[in-house]
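Here's the structure we're looking at; comments come further down.
The values are calculated or read from the model by the stated rules, or taken from the named source; none is laboratory data. This is a predicted model, so every value here is computed, not measured. Because the Cβ atoms are built from the backbone with ideal geometry, glycine has one as well, and the counts that use them run over all protein chains shown.
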Amino acid sequence: MQQQGGGDASQRIARISAHLNPHKPQMEGRCNLETANCRAKGGAPGFKVAILGAAGGIGQPLSLLMKMNPLVSVLHLYDVANTPGVTSDISHMDTSAVVRGFLGPQQLENALTGMDLVIIPAVPIAAEVF
């Protein structure tokens, strides 16, 4: 494909430049993600979050970060092992979020009831891996 003069290339460069550096970026300004805009009217303030796999290597720091988030009002921590220890550690943080721990398959339904967000950092263990 031959270019006719420098006009086509300079027009393409101008379009790409305008696309990459818009005069009024859409991402600037105030973010509308607030609890008032995300929750049903009359609902409890804050989000109710459940973390399935909270005792694992990713679940523990994730639980810590979610406990520090001011938008979280209730944090449910679930795992098949060692959840009481993680729950105890996380609940000692001085934030307003209420933390509850759930252990084992028999408590999974209770851990999920009423949650707005469920995060699953747990990885299923395949028998053939070991």
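Points to keep in mind about this one:
- With respect to the conditions (1) in contact with a Gly (Cβ under 7 Å, 6 or more places away or on another chain); (2) surrounded by fewer than 14 Cβ atoms within 10 Å (Cβ to Cβ), residue 88 falls short on a single one, namely (1).
- Qualifying residues in segment 51-91 (those that are among the polar types (S, T, N, Q) and farther than 17 Å from residue 116 by Cβ) - the one nearest to the chain's Cα centre (by Cα): 60
- Segment 91-129, subset loosely packed, with under 15 Cβ neighbours inside 10 Å and closer than 14 Å to residue 55 by Cα, residue modelled with the lowest pLDDT: 124
- Filtering segment 52-82 to residues that are over 14 Å from residue 122 (Cα atoms) and assigned to a strand (DSSP E or B) leaves 72, 73, 74, 75, 76.
- Qualifying residue in segment 10-28 (condition: closer than 30 Å to residue 103 by Cβ and either at pLDDT 90 or above or hydroxyl-bearing (Ser, Thr, Tyr) (or both)): no
- Residue in segment 65-88 that is touching a His at 6+ places or on another chain (Cβ under 9 Å) and of a type in the set (A, V, I, L, M, F, W, C) present: no
- Flag for residue 38 being at pLDDT below 90, hydrophobic (A, V, I, L, M, F, W, C), surrounded by 10 or more Cβ atoms within 10 Å (Cβ to Cβ) and over 30 Å from residue 124 (Cα atoms): yes
- In segment 83-117, the residues that are in a loop (DSSP other than H, G, I, E, B) and hydrophobic (A, V, I, L, M, F, W, C): 93, 97, 115
- Condition met for residue 83 (touching a residue at least 12 places away in the same chain (Cβ under 8 Å), under 18 Å from residue 58 (Cα atoms) and polar (S, T, N, Q)): yes
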